[in-house]
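The values are calculated or read from the model by the stated rules, or taken from the named source; none is laboratory data. These numbers were taken from a predicted model, which means no experiment stands behind them. Cβ atoms come from the backbone with ideal geometry, glycine included; neighbour counts cover every protein chain shown.
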Amino acid sequence: MADKEEDNYDDIVKCPHHVSKGRPHMTMKQRAAQFSPFMPLSGYNDAVKETARMTDIKIELGEDLEEMLNRKLKLLQSREKQHPKIAVTYFRPDIRKGGGAYITSTGCVEKVDVCKRIIYIEDGIKIPIGEITGVEGKIFSELEG
């Protein structure tokens with residue numbers, strides 16, 4: 001059977017190699033480049049990585065915790081000129097997908113703006129009051145004690 005298959009190609013094996021008259025001859029490097037791996041979908045790997053990236057879900061605060069936060073924020077507002085040092089944990093929504101991340105920023109308070117609902121901390125950090133889940137600092141010892 002192998003002999004039959006070889007016989008089927010006898011008519012073309014001895015034919016001259018075709019050379020195009022309209023296109024120049026390719027170098028070995030150019031020919032190899034045709035078969036090199038390529039990325040069929042640009043951005044696909046980035047999309048896969050973004051989908052795999054984990055985010056946190058924003059938790060809803062209970063009434064007790066919300067009340068304690070409000071008391072701490074009022075105290076903080078009344079003493080903002082003392083520039084107390086605090087650690088604030090807050091939720092930062094993700095700009096690319098649902099969820100976000102919980103961040104803790106530590107620093108001295110510059111201003112508590114209740115109209116804009118933002119706490120300004122040194123180094124230009126702006127924390128939205130509605131996203132705060134916890135505030136700690138020596139200034140709050142009288143509330144907790």
Considering only segment 95-115, state which residues are farther than 20 Å from Q82 by Cα and either part of a strand (DSSP E or B) or at pLDDT 95 or above (or both). G100, A101, Y102, I103, T104
Going through (1) of a type outside the set (D, E); (2) on the phi < 0 side of the Ramachandran plot; (3) touching a helix residue (DSSP H, G or I) at 6+ places or on another chain (Cβ under 9 Å) one by one, G137 fails only at (2)
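Of the residues K85, K81, K49, K72, which is at pLDDT 90 or above, charged (D, E, K, R) and out of contact with any helix residue (DSSP H, G or I) (no Cβ under 8 Å at 6 or more places or on another chain)? I'd like the intermediate steps shown before the answer.
On the way: K85 fails: out of contact with any helix residue (DSSP H, G or I) (no Cβ under 8 Å at 6 or more places or on another chain); K49 fails: at pLDDT 90 or above; K72 fails: out of contact with any helix residue (DSSP H, G or I) (no Cβ under 8 Å at 6 or more places or on another chain).
Of the residues listed, the single one that is at pLDDT 90 or above, charged (D, E, K, R) and out of contact with any helix residue (DSSP H, G or I) (no Cβ under 8 Å at 6 or more places or on another chain) is K81.
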